[in-house]
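Beneath this line is the structure, given in structure tokens, with notes to follow.
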Amino acid sequence: MRCAFFTAALLTLAGCNNSNEPVDADADTAIARGEARYVTCQGCHGNDGEGLAGMNAPRLAGLSADYIERQLMNYRSGIRGGPDDFYGVAMNGRAKALGGDGAVHDVAVYLATLPEPSAPLSADEADAQVLALGASLYETCAACHGAAGEGNEALKAPALAGTDPAYLARQLNNFRSGVRGREGDPEGEQMRAAAQVLPDEAAVEAVALHAASLR
Ligand code: HEC
Ligand code: HEC
């Protein structure tokens with residue numbers, strides 16, 4: 001990383017790196033630029049993208065660059081967030097403030113380099129009975145999100161393991177009510193359909209707790 005910063009500084013000095021466009025030929029430079037951009041996000045998502053439950057901001061480490069970029073573009077266009085999405089609306093302005101599309105790409109590729117946080121739920125946080133219900137409900141989810149909640153890039157399904165269960169439950173309710181997965185968001189629409197198998201709030205909370213407890 002230090003080396004990438006050095007390269008970025010040299011390119012800037014040479015006057016070749018004044019745009020926001022991603023330089024795919026030099027991924028390290030994009031990562032270094034993304035790291036610098038991420039400073040504005042740390043207050044909510046944590047220094048290492050581990051997420052801060054107190055800020056309602058989910059962990060970002062462990063998600064693919066493709067997924068992060070898509071969500072940021074959805075927040076920018078207003079397909080995600082907006083006035084009906086109490087917590088998501090905070091992200092609309094943040095995502096827009098990132099500047100050109102190159103900045104979105106840079107921050108996404110930087111975040112994808114961060115190690116997955118190893119902070120699964122402690123045993124006493126998770127009720128065994130609720131977990132058992134969650135595990136049985138999760139069987140339908142595993143086809144896309146993976147048996148260990150690791151995500152599936154080809155299916156565009158993000159990792160769920162180790163994410164704050166309150167965040168996961170909120171997203172599931174957003175998909176169930178249609179606040180997330182609106183027209184023009186094909187991946188979200190797919191998940192909106194998948195969320196309909198969850199009959200009630202108890203099912204949502206149980207499956208969220210199970211997914212969060214995976215590693
Ligand atoms: C004011 C606090 C705040 C700041 C600053 C902030 N975020 Fe967020 N972010 C949130 C919250 C809250 C959510 C969850 C919204 C929800 O519950 O739907 C979120 C969600 C996200 C998501 C969706 C994650 C997922 O799993 O789908 C991404 C990606 C994201 N933020 C990236 C960023 C980036 C990159 C920045 C910096 C440019 C940033 N955020 C700055 C509060 C913040
Ligand atoms: C057909 C494949 C498929 C199935 C089955 C499926 N999902 Fe998803 N899920 C997706 C995709 C694709 C996304 C990404 C949506 C997006 O890009 O906004 C997603 C997103 C999510 C998110 C949002 C994560 C975040 O970081 O914001 C949660 C939570 C989730 N799924 C949970 C579940 C649960 C729980 C089940 C089982 C009840 C399930 N999914 C079943 C494909 C699926």
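The values are calculated or read from the model by the stated rules, or taken from the named source; none is laboratory data. All values derive from a computational prediction rather than experimental measurement. Reconstructed Cβ throughout: ideal geometry from the backbone, glycine too, with neighbour counts over all protein chains shown. Accessible surface is based on the protein model in full, side chains and every heavy atom, while ligands, DNA and RNA are left aside. Shrake-Rupley method; radii C 1.70, N 1.55, O 1.52, S 1.80 Å.
Scanning for something near ligand 1 (Cβ under 9 Å from one of its atoms) and open to solvent by 20 Å² or more (accessible area, probe 1.4 Å), does the stretch 144-158 turn up at least one residue? Within the stretch 144-158, one or more residues are near ligand 1 (Cβ under 9 Å from one of its atoms) and open to solvent by 20 Å² or more (accessible area, probe 1.4 Å).
Could you tell me which residue of the stretch 183-205 is nearest to ligand 1 (Cβ to nearest atom), considering only residues that are open to solvent by less than 50 Å² (accessible area, probe 1.4 Å) and assigned to a loop (DSSP other than H, G, I, E, B)? By that ranking, first place goes to 185. Here 180, 215, 176 are screened, and the one residue that is part of a helix (DSSP H, G or I) and closer than 23 Å to residue 53 by Cβ is 176.
Being among the polar types (S, T, N, Q) and under 17 Å from residue 185 (Cα atoms) is a property that does not hold for residue 56. When you scan the stretch 87-98, do you find a residue that is modelled with pLDDT under 95, assigned by TED's automatic domain parsing to the domain that holds residue 61 and open to solvent by less than 40 Å² (accessible area, probe 1.4 Å), even just one? There is at least one residue in the stretch 87-98 that is modelled with pLDDT under 95, assigned by TED's automatic domain parsing to the domain that holds residue 61 and open to solvent by less than 40 Å² (accessible area, probe 1.4 Å). With respect to being open to solvent by 40 Å² or more (accessible area, probe 1.4 Å), at pLDDT 95 or above and farther than 30 Å from residue 31 by Cα, residue 139 fits the description. The condition (being within 10 Å of ligand 2 (Cβ to nearest atom), more than 18 Å from the chain's Cα centre (by Cα) and closer than 22 Å to residue 82 by Cα) is satisfied by just one residue among 143, 193, 169, 203: 193.
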